[in-house]
Number of protein chains: 2
Amino acid sequence: DTKENGGGVTRILPSDSVINLDHGDPTMYEAFWRKMGDRCTVVIKGYEHLSYFSTNKNPCWFLEPKLEESIRSLHGAVGNAETDGYTIVVGTGSSQLLQAVLYAVSPQDQPNPISVVSAAPYYSSYPETTDIVKSGLYKWAGDAHGFDKDEPYIEFVTSPNNPNGVIRGPVVNRAGGIVVHDLAYYWPQYTPITSSIDFDIMLFTASKCTGHAGSRIGWALVKDKEVAKRMISFMVVNSIGVSKESQLRVAKILQVVADGCKRFGSPDGDNFFEFGRNAMAKRWEILREIVKKTQMFTLPKYPLQHCNYTGELTQAHPAFAWIKCKDEMEDCEELFKGHKVLVRSGRRFGSDPGYARVSMMGKDDEFNQFIERLTSVIQMCSGDHHGIN
Amino acid sequence: DTKENGGGVTRILPSDSVINLDHGDPTMYEAFWRKMGDRCTVVIKGYEHLSYFSTNKNPCWFLEPKLEESIRSLHGAVGNAETDGYTIVVGTGSSQLLQAVLYAVSPQDQPNPISVVSAAPYYSSYPETTDIVKSGLYKWAGDAHGFDKDEPYIEFVTSPNNPNGVIRGPVVNRAGGIVVHDLAYYWPQYTPITSSIDFDIMLFTASKCTGHAGSRIGWALVKDKEVAKRMISFMVVNSIGVSKESQLRVAKILQVVADGCKRFGSPDGDNFFEFGRNAMAKRWEILREIVKKTQMFTLPKYPLQHCNYTGELTQAHPAFAWIKCKDEMEDCEELFKGHKVLVRSGRRFGSDPGYARVSMMGKDDEFNQFIERLTSVIQMCSGDHHGIN
């Protein structure tokens, strides 16, 4: 039940199957990578990369030198983040690095754990990642807007934000604060690149950049060498480094993206970000159109901004749609569940159940089915509102 | 400075370079994997394995079905562990799984963390892995021999033991105890396989089984489905699963090992465990001979046992040599350091500095240099003992 069409793939989903848009599984990029053919193929022999060690020239001894090279080259080509003078720490996805950062920046000698905050709506994994083993070093303290303690804290700033796509800065802004920038979505397919960022601690992940979520490769750009060293120590205890196979494959893929992305608007079609931005823009156009047809839902609006990378005025096309039911009484997650679309409730993001987060990164058929079902939600509810009920 | 010799590789190490036998980096198996040529080569295309998900037929949704198959097939072929009725949880090395186990079996509702113990000498990573983020769920409580509290506990049983190669069972043996079996070294190259083990929680790793430490693949065989589910939850929060590339490569390698290991003593030379056992046996013979020549060091003795896998009476040839200085005043780690051989002090294993752990899994040239330097340690010290001092 798979048919090829022009490099893309259409799978025929039964019209009554459950559509899972709860996770941000970035499978929409498959068509691009198919088109690239063998340019990203990796071949690894049985005797290669046996050792725990990747290099003796770097404090991060488990980081493959080729991956480091590709990461620096990609940020340079896109212009979204500075890498000069930064230590790169590789992780099993950026989730593991988030824990490495918590460990690295938390005071070791305090009787009470340091507070960890993020402005709501915040990424739903932050509370559980922070508190899973009830650390005595750090503790989730909720919405940064409500943080009023006069003591040190760690603030996660996700920009563009997950779930709502908004560009953000820190909100607490007090002495003794350590700000961690989660920039997973700061790539041209999702948002205008307005500057090359140079914060102290910046987290990125291949999952959202190129769609290679299965590889579990994230990286941190860290200005302070001592913080980087402590993160490396955490990684050694947590998993004695990171898969060499994934590192080598992602190294190749990032280099192909970096090489191909220098020509925006080229006829070759080998610019990954152009493919991604066009695909996202199209989906958002379709979604906005159907949402406009009714009074039931609203979507965030994003400002037009100059993107230094494309050279164009453009608005954001985020990886998630942050949908709000206009009817205040409505549980948005439940509403979609009734139509067999799994989405994530606003509650999970420290917000209210009138909101839900819907992945915009799924396969074409998942997105199309979602749009179809949205149409039927609207029709049904219009019937409820204007009919005999 | 690399020359091939009959499938093996000899690198010329400068005679004054530092030999690092502190880590258990299992690079000695490289020659075998070279000999296997393309049988273990993996090829992964750019568009493959994008998704976080590997399967929807398994609670461990990030486990590649081929890896599960190979793991079951390998344990079946070797006869070292039962897999029927067990849930397999894959991890980024067995270190990550150890933390998943701690999370899964610790009570969530207690005011005080549960005690975690292991009989000294214990694997040096247990204390730091348990205590790194000062969890409120579990806490390192040291040598199991000294554990006398009348309360629940978790006991790590490493068998064969790291550092000393001894076959072990639990030592606390009290009600409310949860025993976790770390079986990283329970493979025929290291120890006689005397039974097919069926404990509740068993940990294994590709690193020590086949030497693919860079892949960071470990697996747990878990009898209780609820414990397995909680381990899976931990893995999702800690790293949202495990590298697909590593899983697929290790799946292929374990299958090649499983297929090749059915014929022990075959002339093909494609039995990995035969290669491994012969290589380890030869190294141990050389080491025992040189140690015997002097009164300076001792090595543990291992009983002759019937190995169900090889069908022979054999003794253990552990992955590490647990060396004891006979002179009680000697710091064994420092002694070797003076000869530019890095080893791990007995102190790190909850034992005393008269002991040191030395990796027996390094490259041929590292092992040979180690033996040469051991000769010079002995000569120098003999000089000290019998000369003008």
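The values are calculated or read from the model by the stated rules, or taken from the named source; none is laboratory data. Keep in mind that what you see is a predicted model, and the values were worked out from it rather than measured. With ideal geometry, Cβ positions are generated from the backbone for all residues, glycine too; neighbour counts draw on all protein chains shown.
The table below gives the values:
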item	result
Tally of residues being hydroxyl-bearing (Ser, Thr, Tyr) and assigned to a loop (DSSP other than H, G, I, E, B) across region B:305-331	2
Any hit, region B:334-352, residues being touching a Gly at 6+ places or on another chain (Cβ under 8 Å) and assigned to a strand (DSSP E or B)	no
Number of the condition not met by residue A:247 [criteria: (1) in contact with an Asp or Glu (Cβ under 7 Å, 6 or more places away or on another chain); (2) modelled with pLDDT under 95; (3) outside any loop (DSSP other than H, G, I, E, B); (4) of a type outside the set (D, E, K, R)]	(2)
Subset tally (residues that are among the β-branched types (Val, Ile, Thr) and buried (at least 23 other Cβ atoms within 10 Å of the Cβ)) for region B:158-208	5
Extreme residue, nearest to the other protein chains (Cβ to nearest Cβ), among residues of region B:195-211 that are in a loop (DSSP other than H, G, I, E, B) and of a type outside the set (Gly, Ala, Ser)	B:200
Failed item, numbered, when residue A:153 is tested on (1) away from chain B (no Cβ under 11 Å); (2) under 22 Å from residue A:347 (Cα atoms); (3) hydroxyl-bearing (Ser, Thr, Tyr)	(2)
Options B:273, B:204; residue that is under 21 Å from residue B:321 (Cα atoms), among the aromatic types (Phe, Trp, Tyr) and not assigned by TED's automatic domain parsing to the domain that holds residue B:155	B:273
Test: residue A:216 is among the basic types (Lys, Arg), under 25 Å from residue B:129 (Cβ atoms) and in contact with a strand residue (DSSP E or B) (Cβ under 8 Å, 6 or more places away or on another chain)	yes
Region A:241-257 residues that are more than 26 Å from residue B:207 (Cα to Cα), paired with ones that are of a type in the set (Gly, Ala, Ser) (beta carbon under 6 Å, 6 or more apart)	A:254/A:70; A:255/A:70
Single unsatisfied condition, residue B:133 versus (1) away from chain A (no Cβ under 12 Å); (2) in a loop (DSSP other than H, G, I, E, B); (3) within 30 Å of residue B:244 (Cβ to Cβ)	(1)
Looking only at region B:331-358, and only at residues there that are within 26 Å of residue B:31 (Cβ to Cβ) and touching a strand residue (DSSP E or B) at 6+ places or on another chain (Cβ under 6 Å), the one that is surrounded by the fewest Cβ atoms within 10 Å (Cβ to Cβ)	B:342
Filter result for residue A:139 (free of Cβ contacts under 8 Å to residues at least 12 places away in the same chain and facing chain B (nearest Cβ under 10 Å))	no
Yes/no for residue B:132 being surrounded by fewer than 22 Cβ atoms within 10 Å (Cβ to Cβ), in contact with a Leu (Cβ under 7 Å, 6 or more places away or on another chain) and at pLDDT 95 or above	no
Search result, residues across region B:25-40 that are at negative phi and more than 24 Å from the chain's Cα centre (by Cα)	B:38, B:39
Among (1) part of a loop (DSSP other than H, G, I, E, B); (2) within 14 Å of chain B (Cβ to nearest Cβ); (3) without any contact (Cβ under 8 Å) to a residue 12 or more places away in the chain - the single one residue A:268 does not satisfy	(2)
Residue that is surrounded by the most Cβ atoms within 10 Å (Cβ to Cβ), among those in region A:141-157 that are of a type outside the set (A, V, I, L, M, F, W, C) and not in a strand (DSSP E or B)	A:152
Options A:276, A:214, A:241; residue that is within 14 Å of chain B (Cβ to nearest Cβ), under 30 Å from residue B:96 (Cβ atoms) and under 17 Å from the mean Cα position of the chain (by Cα)	A:214
Unique residue being at pLDDT 95 or above, under 24 Å from residue B:218 (Cβ atoms), assigned by TED's automatic domain parsing to the domain that holds residue A:105 and touching a Cys at 6+ places or on another chain (Cβ under 9 Å) when the list is A:232, A:253, A:217	A:232
Some residue of region A:127-134 being in contact with a helix residue (DSSP H, G or I) (Cβ under 8 Å, 6 or more places away or on another chain) and in contact (Cβ under 8 Å) with a residue 24 or more places away in the chain	yes
Filter result for the condition that a residue is crowded, with 24+ Cβ neighbours inside 10 Å and away from chain A (no Cβ under 14 Å), over B:222, B:227	B:222
Filtered residues of region B:47-88 (kept if within 11 Å of residue B:232 (Cα to Cα) and within 14 Å of chain A (Cβ to nearest Cβ))	B:61, B:62, B:63
Qualifying residues in region A:19-45 (those that are of a type in the set (A, V, I, L, M), facing chain B (nearest Cβ under 7 Å) and touching a residue at least 12 places away in the same chain (Cβ under 8 Å)) - the one nearest to residue B:38 (Cα to Cα)	A:44
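Matching residues to (1) in contact with a helix residue (DSSP H, G or I) (Cβ under 6 Å, 6 or more places away or on another chain); (2) of a type outside the set (Val, Ile, Thr):
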site	(1), (2)
A:235	yes, yes
A:239	yes, yes
A:242	no, no
A:249	yes, yes
A:254	yes, yes
A:257	yes, no
A:263	no, yes
A:272	yes, yes
